[in-house]
Amino acid sequence: MNKMQTKPTLKQLEYQKWEFGLFVHFGLRTFYEGYVDFDERQMDPFKFNPTSLDCEQWIRTAKEAGMKYAVLTAKHHDGFSNWPSSFTDFSVAHSPWKNGKGDVVQEFTSACRKHGVKPGLYYSPYDGSANFYNQKDRKAYDDYFINQITELLANYGDIEILWFDAAGSENHEYDWKRIIDTVRSLQPNILIFNMADPDFRWVGNEDGIAPIPCWNEVNTVKSDRLWLPAECDVQMRENWFFSESDEHTVKSLEQLMGIYYYSVGRGANLLLNIGPNRHGLFPEKDQQRLLEFGGEIRRRFDNPVATIDRFEQQEGKWIYHTEQPHLLDHVVIQEDLRKGESVENFKINIISEKSRQPITIYQGRNIGNKAIIRVPAIEVRGVELEVTESVGEPIIEELAIYYVGDDGNY
């Protein structure tokens with residue numbers, strides 16, 4: 001891929017360093033077992049009553065698991081507003097929860113700030129409850145869209161992410177200029193996902209898997225090149241929202257670690273969803289699995305054998321030598337992306353323990369924010385990162401080698 005170096009904004013770089021976030025699908029739909037996207041069944045706000053709602057439980061768990069940001073469904077496709085919106089009767093204000101005085105968005109954003117997790121809000125442009133959505137008076141719906149977005153972005157402090165889900169909007173035209181002008185004027189530092197004027201993009205699947213290569217710079221339909229890092233969104237279990245029938249589909253620790261390698265390990269962010277139950281709490285099995293996941297990430301990557309200060313740089317190579325040979329099964333590389341993405345091809349070479357010969361054990365494409373290279377355990381006397389193709393002079397920000405070992409979980 002022959003690229004000119006497009007540069008990210010500081011906010012985009014900050015987002016990429018967050019790496020791992022929590023997705024929370026919660027709303028009126030939580031209380032309707034079996035309800036699916038674009039379901040034609042009518043729902044009644046009277047059913048919304050999470051009597052033990054505890055957003056701090058969600059965010060404390062996320063924080064302990066190592067997540068840096070969280071995104072709540074403020075409004076999903078069904079149109080139910082998780083805040084007391086003045087522009088619809090289909091909201092928490094018309095539910096029995098806290099006698100209509102509750103505000104999930106307020107409790108969520110407050111919990112995020114209390115525990116140092118970056119708050120983001122999901123807003124579905126499609127709205128199954130707005131009887132004028134599919135009518136020809138598009139301006140009326142744009143007004144509604146802007147009024148609701150203004151409530152969300154003007155009344156809850158700094159919001160880091162506005163997550164636009166494109167599902168359902170395929171044949172609808174929005175006044176995106178007017179909408180985005182409003183968003184950017186209210187929250188100049190906000191990151192927009194996926195639509196209109198995005199700062200980061202959907203990876204293209206809901207499996208948590210980024211492709212090889214996963215470039216940060218992409219071509220748009222207008223043939224412009226933009227810096228749009230990828231985010232991988234994936235569920236902890238089969239459904240996005242809570243269901244009584246899918247606890248058996250909670251992902252194993254082994255599968256979650258695989259997803260981590262395929263997302264964060266390929267330079268993308270990972271946004272992992274848990275649907276709180278009808279009490280307003282994370283289900284126990286999901287919560288424990290998330291904590292196990294965070295613990296396993298720390299076990300594998302908190303204790304490197306050597307970091308970049310042990311490597312010597314020589315003409316496109318970063319070279320590590322050790323007097324005492326040791327086992328190696330992971331190499332983690334991070335590129336300094338402030339001036340753009342440079343590395344297009346690289347190798348990992350080792351100096352073998354017995355013959356003391358250089359041997360290539362891995363060939364890769366881009367490094368981006370982070371490349372996690374996992375290899376069968378091998379005894380080494382040295383490790384070499386060799387950049388074989390780049391745009392401009394590559395700058396390696398971090399380079400670390402690990403021996404994770406088996407420990408029953410590998």
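The values are calculated or read from the model by the stated rules, or taken from the named source; none is laboratory data. Quantities reported herein were computed from a predicted structural model and do not represent experimental measurements. Glycine gets a Cβ as well: all are built from the backbone with ideal geometry, and neighbour counts include every protein chain shown. All accessible areas refer to the heavy atoms of the entire protein, side chains included, with ligands and DNA or RNA removed. Shrake-Rupley method; radii C 1.70, N 1.55, O 1.52, S 1.80 Å.
The packing ranking, built from the mean of other Cβ atoms within 10 Å per residue, places the peptides 370-379, 118-127 in the order 118-127, 370-379, highest first. Computed on region 47-117, the Cα convex hull volume stands at 94 Å³ per residue. Of the beta bridges in the chain, as assigned by DSSP with both residues counted there, near 55 percent are antiparallel.
Each residue of region 148-160 was assigned a 3J(HN,Hα) from its phi angle through the Karplus curve 6.51 cos²θ - 1.76 cosθ + 1.60 (θ = phi - 60°); the sequence is 5, 4, 5, 4, 5, 9, 9, 10, 10, x, 5, 10, 7 Hz, with glycine and proline shown as x. Counted over region 115-182 with a bin width of 5 Å, the fraction of Cα pairs per bin, in whole percents, is 3, 15, 27, 26, 15, 8, 4, 2, 0. GNM remark for the chain: springs join alpha carbons under 10 Å apart, and the peak mean-square fluctuation among Phe108, Phe87, Phe26 falls on Phe87.
Nonpolar atom fraction for the chain, defined as the carbon and sulfur part of the 1.4 Å probe accessible area, stands at 45 percent.
Inter-label distance, Ile378 to Lys98: 5.7 nm, where each label sits 7 Å from its Cα along the C-beta direction. Around the Cα centre of the chain, unit charges on the Cβ atoms of Lys, Arg, Asp and Glu (plus for the first two, minus for the last two) sum to a dipole of about 540 debye.
Average 1/r across all pairs of distinct alpha carbons in region 1-45, invert it, and you get the Kirkwood radius: 15.1 Å.
Over all pairs of different C-alpha atoms in region 295-351, the reciprocal of the mean inverse distance, the Kirkwood hydrodynamic radius, equals 13.7 Å. For region 138-297, treating each Cα as an identical point scatterer without solvent, what Debye log10 I(q)/I(0) comes out at q = 0.12, 0.15, 0.16, 0.19 1/Å? Debye output, listed in q order: -0.68, -1.00, -1.09, -1.26.
Restricting to DSSP loop positions (anything but H, G, I, E, B) with no more than 12 other Cβ atoms inside 10 Å of their own Cβ, which trypsin sites (Lys or Arg not before Pro) remain in region 73-114? Present the calculation step by step, with values, prior to reporting the outcome.
Values: sites: Lys75, Lys98, Lys101, Arg113, Lys114; in loops: Lys101.
The qualifying sites are Lys101.
Structure remark: mean-square fluctuation, Gaussian network model of the chain, C-alpha springs under 10 Å; the largest value among His115, His248, His326 belongs to His248. Label positions at Tyr362 and Gln313, each projected 7 Å from the Cα along the C-beta direction, are separated by 2.1 nm. Here Lys177 is the anchor, and the lysines within straight C-alpha reach of less than 20 Å, apart from those fewer than 8 places off in the same chain, are Lys136, Lys139, Lys222.
Here region 182-309 carries DSSP beta bridges of which approximately 25% are antiparallel, counting only pairs with both residues inside.
What is the ratio of the Cα radius of gyration of the chain to 2.2 N^0.38 Å, with N the residue count, to two decimals?
Details: Rg = 23.1 Å, N = 410, 2.2 N^0.38 = 21.6 Å.
Against the compact-globule rule of thumb, the ratio is 1.07.
For region 178-217, take the alpha-carbon Rg, divide it by the Kirkwood Rh, and send me Rg/Rh. Walk me through the intermediate numbers first.
Values: Rg = 13.1 Å, Rh = 12.0 Å.
With Rg and the Kirkwood Rh in hand, the quotient comes to 1.10.
In the P(r) worked out for region 346-410, what percent of Cα pairs fall beyond 19 Å? Roughly 39 percent, once rounded to a whole number.
Scan region 151-190 for GluC sites (Glu not before Pro) in coil per DSSP, keeping those whose Cβ has at most 12 other Cβ atoms within 10 Å, and list them by number.
Glu170, Glu173
The distance linking region 345-398 with region 266-327 is 18 Å (Cα centroid to Cα centroid, whole angstrom). Only helices enter the 222 nm calculation for the chain: every DSSP H run of n ≥ 4 contributes -39,500 (n - 2.57), and dividing by all residues gives -6500 deg cm²/dmol, rounded to 500. Rolling a 1.4 angstrom probe over the protein heavy atoms with all chains in place gives region 102-149 an accessible area of 39 Å² per residue.
Once the chain from Lys177 to Leu291 is taken as fully extended at 0.36 nm per residue, the excess over their C-alpha distance is 36.9 nm. Taken over the alpha carbons of region 1-142 as equal point scatterers, the Debye sum produces base-10 log I(q)/I(0) values at 0.09 Å⁻¹ of -0.35. The simple spin-label model puts a point 7 Å past each Cα toward its Cβ; for Asp207 and Asp44 those points are separated by 4.2 nm.
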